[in-house]
Amino acid sequence: DVDQRCAEFELKTTLPDSFVGVPYTYDDHGESEGWMKSFGGAVETHLEKRNKTSERKKKMDNDEARAEKAAAALAADEDVAKAQVRNTMQALLISVQAKCMTDAGVLEERELVSAQWEEKQEIPLSTGLCDKMSCTTVGKLANTNTSSSNLTYDVVEHPVWGIDCYTRRNVVRCLTEEPDLPIEEFIEKWLLPAINSCPIEVAHNITCAARVLEGLPPMNKTKESPSSNVCSKTSASAHRILCKAFAEKVSRAPQWVSRAARQLRLASEALGEDAFRVHPKGHGAVVVREEGFRAHKLVTQYRGEVYPAWRWGEKMDAIEETQARLGLRPALADFYNMTLERPRNDPRGYDLLFVDASRKAGWGSSFSHSCSPSCEVRIVALDNRLSLSIATTRDIERGEELTFDYNAVTESVNEYHAAICLCGNMKCRGSFLHFATADCYQQVLERNSPISVRLASL
């Protein structure tokens with residue numbers, strides 16, 4: 001198959017085993033006004049040496065004047081300058097982190113163990129991408145004689161829940177009456193994990209989470225619940241593992257957690273569920289290991305079908321055309337694809353691939369979005385092949401959900417407003433999509449780049 005051969009060819013690399021970057025980092029340094037100005041000056045000097053006609057010199061002077069005007073406009077734009085500095089610092093941070101994680105041997109760690117894995121299942125090392133049409137596991141498996149029954153579970157794959165910005169603001173308001181409460185820590189380290197530990201039938205009621213944090217028994221199951229259709233998909237044993245793990249954490253919680261939970265429960269009972277809405281997010285992964293995990297630890301791989309950029313564009317066009325013809329276009333598309341940008345320092349050259357986890361995937365593709373994520377997807381070179389690895393970005397406590405920032409962009413206003421973020425973090429942006437106008441990139445190119453550079457970018 002042509003697609004499979006192309007994907008396998010593009011995944012090959014001659015780089016040593018290491019972390020090599022993040023999935024997509026667009027570098028536009030070659031398209032800046034500074035580059036245009038220096039390039040224009042070099043051309044002008046060359047033309048002067050060849051004694052071009054006065055008409056050609058006049059035209060060149062006009063081009064240089066326009067380039068200098070554009071450069072002056074860019075220099076006066078403080079937001080652009082701040083963005084350039086921020087991007088430069090971010091690039092330096094990513095390179096330092098990649099080197100430190102490589103030197104620390106993160107790639108040699110095994111993936112986290114899920115409670116849903118069958119007994120005697122081999123524990124994969126840090127490898128894996130599904131090739132187009134085959135979805136075979138790339139790389140090797142851990143050579144271990146230990147069955148999963150003797151392993152301590154790291155995570156539980158379980159239905160997860162979240163709160164929107166409206167609910168979070170109401171929670172903050174009702175807790176401000178209690179002095180000296182670390183509200184941010186309560187919401188992110190205690191309340192959100194408590195919601196996920198509640199029985200599925202009553203998890204939509206925040207009062208249940210407050211009772212769990214107070215050390216009280218959960219609410220009785222209601223006859224009708226928005227999650228009743230999810231219950232059949234959930235393993236009862238996995239839920240028991242999660243409930244037991246979080247109950248042990250609550251038993252050692254500081255006193256202020258119980259005080260804050262009581263204040264929240266009283267407010268919820270007085271104002272009703274509409275003031276503190278909890279929404280289902282689908283299946284996710286929750287940490288159940290007692291000591292949690294340190295920062296920069298390998299979690300799992302982002303597995304899926306690999307597409308070359310040209311084939312991925314054809315697939316998206318075909319899907320969009322079919323949905324429009326049949327009237328099946330959803331208000332909000334599913335986001336299971338991940339970009340894989342070949343490192344620019346790879347001797348085999350640069351390219352862009354797409355990893356689609358919508359049909360064939362691992363459990364890493366079920367991670368929810370968060371504006372303040374606990375994990376990050378990184379590109380790794382392992383056994384002369386590129387893949388996507390998910391690693392923690394900070395220390396993660398027991399009961400916390402594994403999340404990463406989707407970093408998705410949309411040109412549709414309706415899609416942007418429909419993408420309501422449910423991460424519940426204090427730094428929540430309100431939407432898990434970034435909005436960009438349909439022609440914003442074209443405006444940047446027209447402002448910063450000559451036609452030759454624009455064609456080369458295509």
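The values are calculated or read from the model by the stated rules, or taken from the named source; none is laboratory data. Keep in mind the model is a prediction, meaning the values are calculated, not measured. Don't worry about glycine lacking a Cβ; one is built from the backbone with ideal geometry, like all the others, and counts go over all protein chains shown. Just so you know, the surface numbers come from the protein's heavy atoms only, side chains and all, with ligands and any DNA or RNA stripped out. Shrake-Rupley method; radii C 1.70, N 1.55, O 1.52, S 1.80 Å.
Shown are Asp3, Asp180, whose ranking by accessible area with a 1.4 Å probe and every protein chain present, most to least, is Asp180, Asp3. Taken one residue at a time, the phi angles of segment 238-249 give Karplus couplings (6.51, -1.76, 1.60, θ = phi - 60°) of 5, 5, 5, 4, 5, 4, 5, 4, 6, 4, 5, 5 Hz. Gly and Pro are set to x. Per the Cα gyration tensor, segment 323-379 maps to an equivalent ellipsoid with semi-axes of 27, 19, 11 Å, ordered largest to smallest.
Per-residue 3J(HN,Hα) values for segment 314-321, derived from phi via the Karplus relation 6.51 cos²θ - 1.76 cosθ + 1.60 with θ = phi - 60°, read 5, 5, 5, 5, 5, 5, 5, 5 Hz in sequence order (x marks Gly and Pro).
As a calculated quantity, the FRET efficiency between Trp256 and Ala236 at R0 = 35 Å, using C-beta atoms, amounts to about 0.60. Largest first, the residues Lys297, Lys244 sort by 1.4 Å accessible area into Lys244, Lys297. A protection proxy built from the mean count of other Cβ atoms within 10 Å ranks the segments 378-389, 280-291, 168-179, most packed first, as 378-389, 280-291, 168-179. Solvent exposure of Val250, expressed as accessible area, is near 20 Å², computed with a probe of 1.4 Å over the protein chains only. Projecting label points 7 angstrom from Cα along Cα→Cβ for Gln323 and Arg86 puts them 2.9 nm apart. Sorted on the mean count of surrounding Cβ atoms within 10 Å across their residues, most packed first, peptides 97-108, 195-206 read 195-206, 97-108. For the cross-link pairs Lys249/Lys360; Lys99/Lys427; Lys281/Lys360, the ones whose C-alpha atoms lie over 31 Å apart are Lys249/Lys360.
Remark: accessible surface ordering of Ser251, Ser358 (largest first) is Ser251, Ser358, probe radius 1.4 Å.
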